[in-house]
Amino acid sequence: MSWEVFLGAIGNPILAYWVQAIGSIASIWGAFAVGRSQQKSQLNEAIKAARDRTYALAAVVESAALFVTVLGKVVQAKPAPLHFKENWKLVNRQWLESSVFSLSQLPVHELGTGELVRGYFGILGGIKDISRLIDEALSADALHEQEFTYMYDEVLKQVSIIESSWYGFQMALPNKA
């Protein structure tokens, strides 16, 4: 008798309708879950790509900031004007010009936050001021010692501002995780 009840229930058209309805609901829910999973995955990939792009741009800013730190150590030693001029002509001028050029080519709007943009402008502005100060000292016709003493002091102030801007820039970077 149990087989007869079982076979009778299977042959019942109402059961077939219920099975079809439950199957339809399950497939709709499954499609929704797959769509949400793909959307979440795409969002995570977009966030990672934006973070990676920010870090790639930050590498250019870092290079410029680290160069300024090295230049600050040179200036802090207050070398004789002739020694500074030779060092400037052979090495440091190209580094500074390269830093300014590289920074000016960055798509700043892609840095992502106001703190990063402000840090960027603090660094770029400071480097341009350093370039101006050094050029003025090198082009002075007289009183070289006084010009260089003034330039060294002012460059060290700009180095301090750039280092502070770089620190703020680093603190504003998104986590790498």
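The values are calculated or read from the model by the stated rules, or taken from the named source; none is laboratory data. These numbers come from a predicted model, not from an experiment. Cβ placement follows ideal geometry from the backbone for every residue including glycine, while neighbour counts extend to all protein chains displayed.
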Residue that is modelled with the lowest pLDDT, among those in region 142-167 that are farther than 18 Å from PHE67 by Cβ and surrounded by fewer than 15 Cβ atoms within 10 Å (Cβ to Cβ)
ALA142
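Pick from region 46-87 the residues that are among the aliphatic types (A, V, I, L, M) and not in a helix (DSSP H, G or I): which of them is farthest from ASP135 (Cα to Cα)? Let's see the steps before the verdict.
The initial filter retains those residues of region 46-87 that are among the aliphatic types (A, V, I, L, M), namely 46-47, 49-50, 56-61, 64-66, 68, 70-71, 74-75, 77, 80, 82.
Filter once more, keeping what is not in a helix (DSSP H, G or I): 77, 80.
Values: ALA77: 19, ALA80: 16 Å.
The residue in question is ALA77.
Go through region 168-177 and give me each residue that's surrounded by 17 or more Cβ atoms within 10 Å (Cβ to Cβ) and part of a helix (DSSP H, G or I).
The first filter runs over region 168-177 and keeps only residues surrounded by 17 or more Cβ atoms within 10 Å (Cβ to Cβ), leaving 169, 172-173.
If the condition is that a residue be surrounded by 17 or more Cβ atoms within 10 Å (Cβ to Cβ) and part of a helix (DSSP H, G or I), then PHE169, ALA172 are the ones that fit.
Tell me the residue from LEU90, LEU116, LEU96, LEU103 that is under 22 Å from SER63 (Cα atoms), free of Cβ contacts under 8 Å to residues at least 40 places away in the same chain, in contact with a helix residue (DSSP H, G or I) (Cβ under 6 Å, 6 or more places away or on another chain) and part of a helix (DSSP H, G or I), please.
On inspection, the qualifying residue turns out to be LEU96.
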One residue is enough: does region 119-137 have a residue meeting the conditions out of contact with any Cys (no Cβ under 7 Å at 6 or more places or on another chain), surrounded by fewer than 17 Cβ atoms within 10 Å (Cβ to Cβ) and not in a helix (DSSP H, G or I)?
no
